Each structure stands twice: as C-alpha cells, then as structure tokens.
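To start, the structure under review is shown below, and the notes come after it.
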Amino acid sequence: MKEALRIADLFREEQRLVGQTIRVQGWVRTRRDSKAGISFIEVNDGSCLKNLQVIVELARPELVETLRSVTTGAGIQVEGVLQASPGKGQSVEMHAASIRLFGGADPATYPLQKKRHSFEFLRQIGHLRPRTNTLGAVARVRSRLSFAVHQFFQERGFFYLHTPIITSSDCEGAGEVFRVTTPPSRDDVAAPEAGDANVPDFFGKPAYLTVSGQLQAEIYALALGRVYTFGPTFRAENSNTSRHLAEFWMVEPEMAFCDLQEDLEVAQALIKNLLQVVLTDCNEDLEFFSRFIEPGLRENLERTLQTPFETVTYTEAVEQLKKAGETFAFPVKWGMDLQAEHERFLTEKIFEKPVALVHFPRHLKPFYMRVNDDEKTVAAMDILVPGIGEIIGGSQREERLDMLLQQMELKGISTEDYRWYVELREFGSVPHAGFGLGLERLIQFATGLPNIREVIPFPRTPGHAYF
Ligand code: 4AD
Ligand code: MG
C-alpha cells in the first residue's frame, strides 16, 4: 500500500503542499452533500485533532458510486490535489480525484453519530471512543507525557528500572492487593475444588499484583544511585471515585544520598517539566481541552509553572483547616487521615496553588518512612493540586536499622518476609528518598478531565474489566 501522508504532517507543511497530489487514509467524521453538487467529507486519521476537508464533485459518477458508503465512521483513502480553501474553518482542503472505501459503517448502527455523547456512554464503547475528539486528544497527550517522563529522568542521570508486576510484598501495607491465584494446571480451573486451600500456590507462597515498585526500586537505588520505574500498579480499593482506578500507571523515582527536601525539589521539577511539555508540544489538543472541557485551563497550567509550590507541614495544615471556619463532612483534628475534601480545600481555597504537605503523623503512614526527631511524625510528602487533590505521595526512607525494626514491629510487618529489606540497612545503608506520581491524575490535571476513567484507555474499576 503506497504510503499516505499523516494529516498532522499535512497541516504542518500545508504551504509547501498546496497544488500537489497527496493521499490520506482515515475515518470519516461527517459527510455533507450540498445543493451545489458538492460533497464535503471530514476525514480524521488520529494523528491530530483537526480533520481534513475533502471536496468531492458529485458530477463524477465513478466517485458518486463509492460515496454512497462513505458515511460517518467509514475507513477510507482519498487522493487528490491540496488547495487553499475559500471556506471558513480550514486553510486548505483536498479536491478528491479518487476515493477508496476500506470498510463502511452502517449509519443505522454506528454508535458515534455527529452529536455530543456523554462520557458514560462512551465508556461502554471503549473500542470506538478513541475516535472521538476528546479521547483522541487524551491518547495523544498521554503518549507525549509518557515519553516526557523518560526524557526527564534520562536527562538527569536516572536509570530506568523494571520492577516486578507479581510480587510477594505489600509495599503500602494497606492490604489493598489483588491476589494472584495460580492452580497448577488448567484442568484444576474447571474442577469444583479449584479454590481448594490444598492446591499449592505456584510461587510457593501468596503473591500479588504490585501496588508500588518502590521497595524494589530502593534495592537498585542503593546500587545505581538514581533509578525510576514507570509501569502499571494495582489496587483493590473499593472506591468508586473520579480519581481512583484499580489499575493505574505510576512513575516512581528512587534516589540514594537524598533527603526529603531534594525529593520535593525533584517532584516539583517533574510536574512542571511535564506540564511544560503539554503546553509546548500538545498545543492543539490543549486548546481543545481549554475550550470544551475546562475553560481557562491553559492559563491555569501557565500559572502553575510560574508559581513555587507551597510547602506546609501536616500540623500547620490541620491548624489552617480548623481556623478556616468551614464545615467538613469529617471534622478536622490532628492525627486524622486528611480526606479529599480537606486536601482540595487546602490547595484550592487556602493556598490556591499546588501544596506539598510534609511530616505526617507516624501512625498514618507505611513502615518504610523515616521517623523524624520528634518521633511522632515521619518525613513524608504528599503533593496536592487544585481540582484533583493528591497527585504525588513520597518520603525519605528509614535508613537506620534500629528505627526500621522499631517501625516494622509497630506496624506488624514480618522481619522474616522482609529480610532483604532489613539487610539493605545492614549493608551499606545510606539516606535515600523517592516518590510516586500517578500518571492518570497528572493527565487529569493537564487536560481538565473530571473523571479518571477518561484518561486511561481501558479503565478498571469495581465491577468493570471489559475489553
Ligand atoms: O501515595 P501512594 O500510595 O504512594 C506509594 O505507593 C509510594 N510507594 C510511592 C513511592 O514513594 N514510590 O501512591 C502514589 C500516587 C498517588 O499520589 C496517586 O497519584 C496515585 O499514585 N494513586 C492512584 N491513582 C489512581 N488510582 C488509584 N487507586 C491510586 N492510588 C494511588
Ligand atoms: Mg498517598
């Protein structure tokens, strides 16, 4: 098949291409037949938001025959001359010399007709929704951001580490793990006793889908200095909210010879770098989100880039929330786990910018966080952003053997199971720190999309694992 021009490239070079015969391949967004004997086809190939307008003269019988099946959703190829467009809304258009139909789409049954569909409806047609403006734009931004994550770390001397997906440790200790069950053979799956406790575990002990690559990243940070993992993570938390998924992607740097302060600086630099990439490289899609999803989005992102994040201790934040005179569903008091309503109030109402909350009560956080001198708090950080709440969670890690053992004892973590983790404190232990950035929450922030289900191609939530 002769190579077609991507529509994004066509628009980029439209000045040079005017007058030339070109070929494009894509899907029909709409077709409109004018009384003047002309048909207008809007073709989109997913390479960019904009459609290419194709003009077909109905006086040509060989085209008219094909045109009958060129309806919304059809996959086609068109060849013709690119010309300056006299019409509104586009600077160039193609005058079709030939059209090839690959596959039609019956207008009576094709679900994506030219009207606004609700996001709920689009989720039910996950196989077709990337052909909409919004989901197409999200997919492009997500791809660019993922690449930018690698660029950011690679340019700063971090090594990309593949941490395991199947693991026997529960990093966050919250018990929100998906158990990996593996009967020894296929036959056993069908057998009534498949769930039998006597069937030996494939791994010889219970194994889970990872909730975080952090503990394994620590191993490599304590050998290679600076590493990052970037992969899928899984949580069986039964929360049906607009910012939780059962399967999501996390970016987790881990740095040796690093304290909480530097950890914070890297986190802030990463967020700003990623937003900058969206502003410079995803212009057209960002414009779309600013117009149709969140008015003022571009300005918000630009402002975020220019503002230093606020750093506040948990204790100060609790004081501020108490003083705010706001009635929360969960009244605020020191020692409580801050809820989404509190996080949002801090970042949206009190500080009106991203906030790094630091030094949380020790009992609220996992065993690996470094205990502060007050012995009541740990060197933790959560970064909150307006509209979303928590986007990053991280900490300095406990590098002192005696303190780590004390923490494990307190939290009921078996030193037997985590022997290797303890040994990292026995052999060449050094201060180190890291954090986890939820990719989907970052994309929500960058696109203004209110529901996390729209920023991942195939969302997994309680009751939903379709596709
Ligand atoms: O705060 P969390 O639980 O931190 C950790 O897992 C650490 N071990 C990370 C580290 O220090 N290396 O999760 C980190 C981030 C959250 O701030 C949030 O952005 C995202 O991961 N996240 C989720 N995103 C979508 N759905 C969920 N269920 C999420 N749970 C956490
Ligand atoms: Mg967290």
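The values are calculated or read from the model by the stated rules, or taken from the named source; none is laboratory data. Everything numeric here is computed off the predicted structure, so don't read it as measured data. Cβ atoms come from the backbone with ideal geometry, glycine included; neighbour counts cover every protein chain shown.
Couple of notes before you dig in:
- Filtered residues of the range 129-159 (kept if over 30 Å from residue 30 (Cβ atoms) and not in a helix (DSSP H, G or I)): 155, 156, 157, 158, 159
- From 325, 436, 387, residue being farther than 22 Å from residue 158 by Cβ and either outside any loop (DSSP other than H, G, I, E, B) or free of Cβ contacts under 8 Å to residues at least 40 places away in the same chain (or both): 325
- Reported count of residues in the range 387-403, each being of a type in the set (A, V, I, L, M), closer than 20 Å to residue 438 by Cβ and more than 10 Å from ligand 2 (Cβ to nearest atom), is 1.
- Residues in the range 57-102 that are within 17 Å of residue 7 (Cα to Cα) and at pLDDT below 90: 89, 90.
- Counting the residues of the range 433-451 that are in contact with a Lys or Arg (Cβ under 8 Å, 6 or more places away or on another chain) and more than 6 Å from ligand 1 (Cβ to nearest atom) gives 4.
- Among residues of the range 424-467, those that are within 16 Å of ligand 2 (Cβ to nearest atom) and of a type in the set (A, V, I, L, M), counted: 5
- Verdict on residue 371 being among the β-branched types (Val, Ile, Thr), farther than 30 Å from residue 299 by Cβ and more than 15 Å from ligand 2 (Cβ to nearest atom): yes
- Residue check for residue 337: more than 16 Å from ligand 2 (Cβ to nearest atom) and of a type in the set (Asp, Glu): no
- The one condition in (1) more than 30 Å from residue 291 (Cα to Cα); (2) out of contact with any Leu (no Cβ under 9 Å at 6 or more places or on another chain); (3) assigned to a helix (DSSP H, G or I); (4) touching a residue at least 40 places away in the same chain (Cβ under 8 Å) that residue 421 fails to fulfil: (2)
- Residue check, residue 332 surrounded by 18 or more Cβ atoms within 10 Å (Cβ to Cβ) and away from ligand 1 (no atom under 13 Å from the Cβ): yes
- Some residue of the range 394-416 being under 30 Å from residue 298 (Cβ atoms), touching a residue at least 12 places away in the same chain (Cβ under 8 Å) and touching a helix residue (DSSP H, G or I) at 6+ places or on another chain (Cβ under 7 Å): yes
Okay, residues lined up against (1) within 22 Å of residue 275 (Cβ to Cβ); (2) aliphatic (A, V, I, L, M); (3) out of contact with any Lys or Arg (no Cβ under 8 Å at 6 or more places or on another chain):
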{"residue": "321", "(1), (2), (3)": "no, yes, yes"}
{"residue": "324", "(1), (2), (3)": "no, yes, no"}
{"residue": "327", "(1), (2), (3)": "no, no, yes"}
{"residue": "335", "(1), (2), (3)": "no, no, yes"}
{"residue": "339", "(1), (2), (3)": "no, no, yes"}
{"residue": "343", "(1), (2), (3)": "yes, no, yes"}
{"residue": "346", "(1), (2), (3)": "yes, yes, yes"}
{"residue": "351", "(1), (2), (3)": "yes, no, yes"}
{"residue": "359", "(1), (2), (3)": "no, no, yes"}
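- Of all residues in the range 105-128 being touching a Lys or Arg at 6+ places or on another chain (Cβ under 9 Å) and assigned to a loop (DSSP other than H, G, I, E, B), the one that is nearest to residue 75 (Cα to Cα): 112
- Selection within the range 351-376: residues that are within 25 Å of residue 414 (Cβ to Cβ) and in a strand (DSSP E or B). The member of this set that is nearest to ligand 1 (Cβ to nearest atom) is 369.
Residue by residue, here is whether (1) crowded, with 19+ Cβ neighbours inside 10 Å; (2) closer than 30 Å to residue 50 by Cβ holds:
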{"site": "248", "(1), (2)": "yes, no"}
{"site": "253", "(1), (2)": "yes, no"}
{"site": "257", "(1), (2)": "no, no"}
{"site": "265", "(1), (2)": "no, no"}
{"site": "270", "(1), (2)": "yes, no"}
{"site": "273", "(1), (2)": "no, yes"}
{"site": "277", "(1), (2)": "yes, yes"}
{"site": "280", "(1), (2)": "no, yes"}
{"site": "283", "(1), (2)": "no, yes"}
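- Set 366, 457, 361: member being within 30 Å of residue 122 (Cβ to Cβ) and touching a residue at least 24 places away in the same chain (Cβ under 8 Å): 457
- Boolean, residue 380 is in contact with a Lys or Arg (Cβ under 6 Å, 6 or more places away or on another chain), surrounded by 14 or more Cβ atoms within 10 Å (Cβ to Cβ) and within 23 Å of residue 252 (Cα to Cα): yes
- Taken over the range 230-259, the criterion of being closer than 22 Å to residue 369 by Cα, assigned to a strand (DSSP E or B) and within 8 Å of ligand 1 (Cβ to nearest atom) is satisfied by 233, 250, 252, 253, 254.
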